[in-house]
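Below: the structure, in structure tokens.
The values are calculated or read from the model by the stated rules, or taken from the named source; none is laboratory data. What you are looking at is a predicted structure, and each value in this text was computed from that prediction instead of being measured. In this analysis, Cβ positions are derived from the backbone assuming ideal geometry, glycine residues included, and neighbour counts consider all displayed protein chains.
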Amino acid sequence: MKILKNKKTWLGLSALCLLALPVSAVMADPPVQLDNYGSTTLQPIAEACETDFETYNPGIDLVVSGGGSSYGIRGLTNYRGLYPSWPSGNEVASASSLADPAKHQTTGTYLVSDLHLTVIGRDAVCIAVKDDPAMAFLTNITKGQLDYIYEREGAITTTTWADVDLVDGVNDGWPARNVVPRARITDSGTRATFLELVGITEAKELNTIAATGQPRLDGNQDMCNTLAANTDHIGYIGLGYITQPGIRVIPVGGVTPSEATVNDGTYPLSRTLNMYTLNPGVDPTYETYRAEINAYLNFMLGPMGQAAVKDEGFIPVQPAAPDWDVNGDHGCNVGDIVAIGLHWMESVPIHPVHGTPWPNWTRSNANNDLTGVNVGDIVFVGNYWQQSW
């Protein structure tokens, strides 16, 4: 059972004092716990942001957990009381698939109209097999062939690669060895996206995987480990996992998954990385966390959050600018020092859209330290003088 949250207004001192004093010296109340549960694909991104987010938001204790996309949405919508046996609801649900208006959960149905979608990154569902000379024949696969494999139901036990080879009408001489499809747990957003984008019927996929006798896998890493250990097994992973040892990614429809092919829409199994929150007015208790929720979403869309998206192997949705390009003019010059000077002695810049304080959003805090905007930032920019973006 999740611990009871302490929701109090954090008064503290000004943001300027916060940057100058230890956290323990300025916090009047215990931090508010903010829970982000859901997709195991997004979990490493959120975990990578946890320490930095709490540093810049000392009144918030961020708790990150996985469990799958549907798990997160189920916990989020529990504020509406749909799941009486479920633990106290989480405020943010990470989801690697879009919420389904007809999705039935344990004891109720969540309403997509209750949910607010924030896209924090992009990804691709990548098809992978063991990196093994025995799998060298598989240089491309089509959505039709994937659909065939995962909809075979009981016939999967006698289905060979040679059978799959003929689905697209071309005989490439694939071997007559049994193909073994692997699948994620039913709460997985990666699974939901894979089924939707390929056009696989869920009921048939359930029967197919059951017929293989193979267990469903909990996350991307579990899938990678399993594929690396088993020739003739095939499965799907997120883009951030394609460099895992022992596996090889297969082009789909002749297109290899990459940042470029996801952004230009040519890779057929592309998806967004999502964070769901409740819309205003859905639940009064949830509204008491609104300031903390907004701070978290702003962070994920800011430079540090987007850097975490990229560092974990996914695709940011906000263009990254070098820290030294403070004024966003695609260069490093006196204009950047002037921009820093305009924020001199301010506690923190204000985000122009959300109106919330954020140290890095305007990039005036060029060196990303906790001392605010000062001469250190000018020195930092000076080190890049005459460089161009």
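Things to note:
- Selection count where residues are under 20 Å from Thr40 (Cα atoms), part of a helix (DSSP H, G or I) and out of contact with any Gly (no Cβ under 8 Å at 6 or more places or on another chain), scope the range 198-222: 2
- Subset of the range 287-338 [more than 30 Å from Ser258 (Cβ to Cβ) and in a helix (DSSP H, G or I)]: Glu287, Arg290, Ala291, Glu292, Ile293, Asn294, Ala295, Val334, Gly335, Asp336, Ile337, Val338
Let's see how each residue does on (1) in a helix (DSSP H, G or I); (2) within 16 Å of Ile127 (Cα to Cα); (3) aliphatic (A, V, I, L, M):
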| site | (1), (2), (3) |
| --- | --- |
| Thr157 | yes, no, no |
| Ala162 | yes, no, yes |
| Leu166 | yes, no, yes |
| Asp172 | no, no, no |
| Thr186 | no, no, no |
| Thr193 | yes, yes, no |
| Glu196 | yes, yes, no |
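- First in the range 240-266 and within 21 Å of Ala308 (Cα to Cα) and modelled with pLDDT under 90, second anywhere and among the acidic types (Asp, Glu) and assigned to a strand (DSSP E or B), Cβ under 8 Å, 6 or more apart: Gly240/Asp123
- Matching residues in the range 166-184 - criterion: being at pLDDT below 95 and among the aliphatic types (A, V, I, L, M): Val170
- Residues in the range 217-235 that are of a type in the set (Asp, Glu) and more than 18 Å from the chain's Cα centre (by Cα): Asp232 alone.
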